[in-house]
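K.L.:
Take this structure, written in C-alpha cells, and hold onto it; I'll ask about it next.
The values are calculated or read from the model by the stated rules, or taken from the named source; none is laboratory data. These numbers were taken from a predicted model, which means no experiment stands behind them. Note: ideal-geometry Cβ built from the backbone for every residue, glycine included; neighbour counts use all protein chains shown.
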Amino acid sequence: MSDPFLFDTASPRYGLPLLFPGQSQKEVFVNEAHALTDALLHCAIEGEAAVPPSSPTDGEAWLVGATPSGVWAGQAGKLASRQADNWIFVSPRDGLRLLDRSTGQERRFFGSWRFLGAPLEPIGGSVVDAEARQAIVEMIAALKDAGIYSGEP
C-alpha cells in the first residue's frame with residue numbers, strides 16, 4: 001500500500017488553504033478557499049487600474065496596475081477581487097487566462113500579463129495575389145471580432 005499524501009498548509013499553485021483532522025474553525029479555511037476559487041474560476045476583470053474603484057461591488061475583479069496606491073499598494077500585477085467588502089489579492093501563475101471586460105479581449109499570464117497581438121496584414125512581395133491577401137485580411141478581422149486579437153500588432 002502506498003504512503004498517504006502529506007500536504008502543506010496550502011495548495012502549491014494558488015495557496016488555497018487546506019483542512020486537517022481536528023482543525024478548529026474549519027469554516028474560516030473553507031470560506032477562504034471558496035473566495036479564492038470564486039476569484040479565479042472563469043475570471044473576468046473590469047479592467048486594469050492602479051487605484052481601487054470608489055464604490056466596488058462584491059464579486060468585482062480588477063487587474064492591479066504597475067504603480068498601485070491606497071489599499072492596493074504593493075499588489076502590482078495581481079488580481080484584486082472584492083469579497084465580503086474586502087479586497088483579496090491573487091498572484092497570477094503562468095497559464096492563467098482572463099477576460100478583460102473593458103476591451104473585450106482575453107489576457108494571458110506568462111511571466112507578465114499579455115494581450116495576443118494581431119498578425120500583420122500582408123504587404124510587399126514580388127507576386128501580388130489580391131484574392132489571397134483579401135482572404136488573410138478577412139481572417140485577421142474575424143479573429144479580432146472573436147476577441148482573440150486586440151487591434152494592436
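K.L.:
Any idea how many residues of the stretch 24-43 are surrounded by 12 or more Cβ atoms within 10 Å (Cβ to Cβ) and not basic (Lys, Arg)?
P.N.:
12
K.L.:
Okay, moving on. Say we look at the stretch 19-41 and pick out the residues that are part of a loop (DSSP other than H, G, I, E, B) and either over 17 Å from Asp100 (Cα atoms) or touching a residue at least 24 places away in the same chain (Cβ under 8 Å) (or both); which of these is farthest from the chain's Cα centre (by Cα)?
P.N.:
This residue is Gly22.
K.L.:
Okay, moving on. Report whether or not Gly117 is at pLDDT below 85, surrounded by 11 or more Cβ atoms within 10 Å (Cβ to Cβ) and not hydroxyl-bearing (Ser, Thr, Tyr).
P.N.:
yes
K.L.:
How many residues, within the stretch 52-75, are free of Cβ contacts under 8 Å to residues at least 40 places away in the same chain and surrounded by 15 or more Cβ atoms within 10 Å (Cβ to Cβ)?
P.N.:
10
K.L.:
Follow-up. For the stretch 61-97, enumerate the residues that are assigned to a strand (DSSP E or B), closer than 16 Å to Glu48 by Cβ and not hydroxyl-bearing (Ser, Thr, Tyr).
P.N.:
Ala61, Trp62, Leu63, Val64, Leu79, Ala80, Arg82, Trp87, Phe89, Val90, Arg97
K.L.:
Shifting gears a bit: Answer yes or no as to whether Leu18 is assigned by TED's automatic domain parsing to the domain that holds Phe109 and touching a strand residue (DSSP E or B) at 6+ places or on another chain (Cβ under 7 Å).
P.N.:
no
K.L.:
Could you tell me which of the residues Ser11, Ser81 is crowded, with 16+ Cβ neighbours inside 10 Å and either modelled with pLDDT under 90 or within 25 Å of Arg108 (Cβ to Cβ) (or both)?
P.N.:
Within the list Ser11, Ser81, the selection yields Ser81.
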